[in-house]
Amino acid sequence: MRKILITGGAGFIGSHFVDALAAAFPDCRIVVFDKMTYAADIRYLAPLIETGQTQLVVGDICDYELCRKLVHGCDLVVHAAAESHVDRSFYSSMLFTQTNALGTHTIMEACRNAKAPRIIHISTDEVYGEVLSGECDESGEMNPTNPYSASKAAAEMIVNGYRHSFKLPVIVVRANNVYGIRQFPEKLIPRCIMSLIDGEKIPLHGDGNNVRHYLAAPDFAAALVLLVNKGVINEIYNIGSKEEHRNRDIAQMICEQFNTTFEDSVKFVKDRPFNDRRYSISWDKIADLGWKPKHNLPKNIPMIVDWYRKNAETIRNRQEIHT
């Protein structure tokens, strides 16, 4: 492995991928291609940039000529760049389609042109839509229910077209809700933490009973490294955990870290236009390759809270800039 390109590598999930790939392939040059929107921060990459192993290229995933240039000579392309916040997708839906669908089309065309030998496309479990009972395996039909998940499903359809028409060597991954440090506080866990740090109440949608499964960012990154080595081209892999929590349970865990009560520190706010009640996926296929999650959300919460406390001022400044 000589050169890896990671789109969206300066963001929350992408930067964890960069860390894991840099450790797994220490002699490989890693190029991060990122638009550097509100969710990205060069400080997440700084240690690896300083060593010279990682290079940051700032640009738009919809810029075909730049994509073509960056893909040239790559042994692996990881496409993680995406608009990902469901709430924002309801009022910026065309941006989500542009970045997630057209951006995916652009990078896939660049990969086709460059004859990229291995591509991993990062999708989401939300393409399955609501799963009120049981689990969805990789053969489940896509049934997206909001502009974000619809744009990710559209991206997958584009990838599928390239796999069939041009034999593009792509692996698709669909993951649970990912949590950890570095996540912008539009998502539930960092929003709860930053609300309490700032002396505000935690805003919970609806009645707070919506259920999500939670996957630690380092576990997701470890799964990605495994798929680089053992993943089968043209396969889809669900990546998940058994940790299922209601939104209100997440808020309760975080309240306990601040020695406050749920009743005193939570306010219920108007729900999304549509809010899936539950997602659930089966991840037996990647487990058969030897992967399983190692982290536990309740045990990780104190460490995550501590990180946000230490970085609160920086995060607050980023929130003000991008509000």
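Between 0 and 90 degrees, the angle of helix 12-24 with respect to the longest Cα principal axis of the chain falls at about 50 degrees. Packing around the peptides 30-43, 143-156, taken as the average count of other Cβ atoms within 10 Å per residue, puts them in this order, highest first: 143-156, 30-43. Gain on full extension, evaluated as 0.36 nm per residue between residue 2 and residue 209 minus their Cα-Cα distance, stands at 69.8 nm.
Where both bridge residues fall in the chain, DSSP classifies roughly 10% of the beta bridges as antiparallel. Separation of the range 42-115 and the range 165-186, taken as the distance between their Cα centroids, equals 12 angstrom. Rounded to the nearest 10 degrees, the inclination of helix 103-114 to the longest alpha-carbon principal axis of the chain is 20 degrees. Largest GNM mean-square fluctuation across 26, 185, 273, computed for the chain with C-alpha springs under 10 Å, falls on 273.
Peptides 105-116, 4-15 ranked from most to least packed, by the mean per-residue count of other Cβ atoms within 10 Å: 4-15, 105-116. Each Cα pair under 8 Å and six or more residues apart adds its separation to the average, and for the range 121-164 the resulting relative contact order is 41 percent.
About its Cα centre, the dipole of the chain is roughly 620 debye, where the only charges are +1 on Lys and Arg Cβ and -1 on Asp and Glu Cβ. Structural descriptor for the chain: relative contact order 18 percent, calculated from alpha carbon pairs under 8 angstrom and at least 6 residues apart. For the chain, adding -39500 (n - 2.57) for each run of n ≥ 4 DSSP H residues and dividing by the number of residues yields -12000 deg cm²/dmol at 222 nm. The simple Förster model, with R0 at 22 Å and r as the Cβ-Cβ distance, assigns residue 75 and residue 55 a FRET efficiency of 0.90. Placing a label point 7 Å from the Cα of residue 294 along the Cα-to-Cβ direction, the residues of the range 177-221 whose backbone N falls under 15 Å from that point are 216-221. Tell me which label goes with the value of semi-axes √(5λ) of the Cα gyration tensor in Å computed from the coordinates here: (1) 31, 22, 19; (2) 44, 22, 16; (3) 28, 23, 21. Computed from these coordinates, semi-axes √(5λ) of the Cα gyration tensor in Å corresponds to label (1). Quick one: helix 188-197 against the long Cα principal axis of the chain, what's the angle to the nearest 10°, folded into 0 to 90? It works out to around 50 degrees. The stretch between residue 282 and residue 312, if pulled fully straight at 0.36 nm per residue, gains 7.2 nm over its current Cα-Cα span.
Values in this text are rule-based calculations from the coordinates and carry no lab data. Just so it is clear, the structure is predicted and the values come from calculations on it, not from any experiment. Using ideal geometry, Cβ is built from the backbone for each residue, glycine included, and neighbour counts are taken over all protein chains shown.
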